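Visitor: Starting off with a structure, shown below.
The values are calculated or read from the model by the stated rules, or taken from the named source; none is laboratory data. Quick caveat: nothing in here was measured; it's all calculated off a predicted structure. Glycine also receives a Cβ, built like all others from the backbone with ideal geometry; neighbour counts cover every protein chain displayed.
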Amino acid sequence: MQDYYETLQVHPKADAEAIRASYDRMRQRYDPTHLEGAADELVELARRRRDEIERAYTILSDPTRRAGFDAELLAQVAVASPTRVAGSAVSSPTPDDDDLIDYRPLPPARRQERSKDFNTQPTLSPPSPSPRRSGRQTGKSQRLPTWIPPVLIVGVVTFTIVLITLFTTNRPSPAASGASGASDQAGPSTMGQPTAAATASIDEVINQFEAQIGAARQVANQVPDNANAWIELGNALYDSVVVVRERLDGGDQSLHSIYVERLPRWLEARDAYAKALKITPTNAIARADLASALCYYGVGVKDQSFISQGLSEADQAIKDAPQESRALLSKGLCMISADPPQKTQALEQWQKAIVMPNVEPGVAMQARQLIAKYSR
């Protein structure tokens, strides 16, 4: 059963205005005018996605159809997890459904891939039927004031995000591992650990980062005013595409269709970084990663307009932080992706990145590899 809320990337309790806004954004993302000259399989994928988006909006924009879909969705959840609705009738979502979601931070992955059956949205055990649910309430409620749980949740999640960011900001690039066929740039959240793309199985490559994306999306939706939450989501989306791209660059053409299918994730990563930049407009690293995502997407769909946008964003990142080596690296990548490639200018950007004070070791090594590759 297709989850129309997932298709439009909205919460099941989103109002009509939020659904319409998400629909307009998703439809624009898969506009066929953006794919002129692109590969046939990418055009076909975009067409299927547009059909899914239209179907989802048709259902969710109609109150009667949406109510029927909500009932079907809840019934499906009840069949999959009977204890989820124990003690209550399965009819339609109630205002207390969110009470059963466990918002506590997920256990750390410790640089290990999550198992395929890892649950990114665990639920709490439902409470026994109470007078408030089954009929008239007797006595005084012992529940905490309604403002306390959200405050605690936001505090814990924000603290967790800050810790994650501290541990992931200065990691070197996967390209530094020396794996054959590594991509020109790996996503920001893979910096500092050798990539598994060279040795992982195809299934591992496909499933890598999927649980991380789900968890990061959930956190970002819960704390939409936290820039780090959107950056973590952008990083997870970015890495999920670049890990496939690495294998393609290494000659594994069996992942070509998977890469084509994931191309729109570059734009999803761009959107996540853009939301972070609305909160912290001078975050040069987020803007540099946004620039790279645009340029990689432009190469994938053969659309130079995205590469032009990427160059503009890279220039702004350099303007905001002239000594940020990653911004120089991203500008060089966009220049080499231009048609025709601006090879000399790209090499200049990478040379500058190497000599920047406090340059990250991974960025410096990546710049050297790019210089060696394109100086031939």
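Visitor: Only one of (1) in a helix (DSSP H, G or I); (2) under 24 Å from residue 221 (Cβ atoms) fails for residue 281. Which number is that?
Guide: (1)
Visitor: Moving to a separate point now. Based on this model, can you work out whether residue 322 counts as within 30 Å of residue 206 (Cα to Cα), out of contact with any Cys (no Cβ under 9 Å at 6 or more places or on another chain) and at pLDDT below 95? Even if it seems obvious, please write down each step before you answer.
Guide: Details: within 30 Å of residue 206 (Cα to Cα): no; out of contact with any Cys (no Cβ under 9 Å at 6 or more places or on another chain): yes; at pLDDT below 95: yes.
So residue 322 fails the test.
Visitor: Where residues in segment 205-236 are assigned to a helix (DSSP H, G or I) and charged (D, E, K, R), which of them is surrounded by the fewest Cβ atoms within 10 Å (Cβ to Cβ)?
Guide: Restricting attention to segment 205-236, the residues satisfying the condition of being assigned to a helix (DSSP H, G or I) are 205-207, 210-222, 227-236.
Retained after the next criterion (residues that are charged (D, E, K, R)): 210, 217, 232.
On the way: 210: 16, 217: 20, 232: 26.
Applying the filter and picking the extreme gives 210.
Visitor: OK, next. Write out, first by first residue and then by second, each pair whose Cβ atoms fall under 7 Å of each other, whose residues are 6+ apart or on separate chains, and whose first residue, in segment 347-370, is in the same structural domain as residue 327 (by TED's automatic domain parsing) and more than 19 Å from residue 315 (Cα to Cα) while the second is of a type in the set (Lys, Arg) and in a loop (DSSP other than H, G, I, E, B).
Guide: Final answer for the pair search is 362/171.
Visitor: What's the total number of residues in segment 342-354 that are closer than 13 Å to residue 367 by Cα and either touching a Ser or Thr at 6+ places or on another chain (Cβ under 9 Å) or crowded, with 18+ Cβ neighbours inside 10 Å (or both)?
Guide: Pass one, segment 342-354, residues closer than 13 Å to residue 367 by Cα: 346-354.
Remaining after also requiring either touching a Ser or Thr at 6+ places or on another chain (Cβ under 9 Å) or crowded, with 18+ Cβ neighbours inside 10 Å (or both): 346-347, 349-350, 352-354.
Adding up the residues that qualify gives 7.
Visitor: I've got another one for you. Scanning segment 28-57 for residues that are of a type in the set (D, E, K, R) and surrounded by 15 or more Cβ atoms within 10 Å (Cβ to Cβ), which turns out modelled with the lowest pLDDT? Explain how you work it out, then say what you get.
Guide: Applying the first criterion (of a type in the set (D, E, K, R)) to segment 28-57 yields 29, 31, 36, 40-41, 44, 47-52, 54-55.
Within this subset, residues satisfying the condition of being surrounded by 15 or more Cβ atoms within 10 Å (Cβ to Cβ) are 29, 49-50, 52.
Details: 29: 76, 49: 82, 50: 84, 52: 87.
Applying the filter and picking the extreme gives 29.
Visitor: Assess whether residue 339 counts as being charged (D, E, K, R) and surrounded by fewer than 20 Cβ atoms within 10 Å (Cβ to Cβ).
Guide: Details: charged (D, E, K, R): yes; surrounded by fewer than 20 Cβ atoms within 10 Å (Cβ to Cβ): yes.
Spelling it out, residue 339 is indeed charged (D, E, K, R) and surrounded by fewer than 20 Cβ atoms within 10 Å (Cβ to Cβ).
Visitor: Applying the selection to segment 12-22, what residues are surrounded by 11 or more Cβ atoms within 10 Å (Cβ to Cβ), free of Cβ contacts under 8 Å to residues at least 40 places away in the same chain and farther than 25 Å from residue 298 by Cβ? Steps first, answer last, please.
Guide: Keep residues of segment 12-22 that are surrounded by 11 or more Cβ atoms within 10 Å (Cβ to Cβ), which gives 12-14, 16, 18-22.
Those left that are additionally free of Cβ contacts under 8 Å to residues at least 40 places away in the same chain: 14, 18, 21-22.
Those that are surrounded by 11 or more Cβ atoms within 10 Å (Cβ to Cβ), free of Cβ contacts under 8 Å to residues at least 40 places away in the same chain and farther than 25 Å from residue 298 by Cβ: 14, 18, 21.
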